[in-house]
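None of the figures in this text is laboratory data; all of them are computed from the coordinates on show. Note that the structure is a prediction, hence the values are computed from the model and not measured. Glycine also receives a Cβ, built like all others from the backbone with ideal geometry; neighbour counts cover every protein chain displayed.
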Amino acid sequence: MERTLVIVKPDGFARGLTGEVLRRIEAKGYGLSALRIDTPDRERLARHYAEHEGKPFYGPLVDFMSSGPATFVIVAGDRCIEGFRSLAGATDPTTAAPGSIRGDLGRDWGLPVQQNIVHGSDSPESAEREIGIWFPELAAD
Ligand code: DAT
Ligand code: MG
């Protein structure tokens, strides 16, 4: 069964949208196979966001992601990586399609990093790499 790593980011957690995000994942038909609330630490965030190191929003992104509690979720289901990316919508919440999590629940706050409520892995390789960072006990062998 395919797995993906979803994070309800600190903005979504602080706005009380964790349940709404989980509701949409379950309503779509995917399974929740692990869940933890935690304030992300900068060391694991640096590994998680290594592909963005050096970009102008990288520092603000790590600051934002480590600013408070977030909910880490392993979601399971056939094609759930692609399916959750579709549920999440485009990166920029201003232009994310209505009906998507970011399009319905997110907006621009005029900050150097977009706060867009959720993270979802973008490929099977990313999903297993990210699950290994945040749920090492549940990493694939
Ligand atoms: P996604 O989360 O849609 O996979 P990403 O991996 O390209 O997007 O970027 C990680 C996060 O960084 C993204 O969710 C929000 C922020 N971000 C990306 N591009 C940005 C930009 N050009 N300006 C501000 N924040 C940005
Ligand atoms: Mg990404």
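Structure above, values below:
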quantity	calculated
Net +/- balance of residues flanking G120 in space, Cβ distance below 10 Å, scoring K and R +1, D and E -1	-2
Extension gain from S67 to D104, taking 0.36 nm per residue of separation minus the Cα-Cα distance	11.0 nm
The chain: relative contact order as a whole-number percent, Cα under 8 Å and 6+ apart	35
Charge tally in the Cβ shell below 15 Å around G77, where Lys, Arg are +1 and Asp, Glu are -1, G77 excluded	+1
Formal net charge of residues neighbouring E2 (Cβ-Cβ distance under 15 Å; K, R +1; D, E -1)	-1
Helix-only mean residue ellipticity at 222 nm for the chain, each DSSP H run of n ≥ 4 adding -39500 (n - 2.57), per residue, nearest 500	-10500 deg cm²/dmol
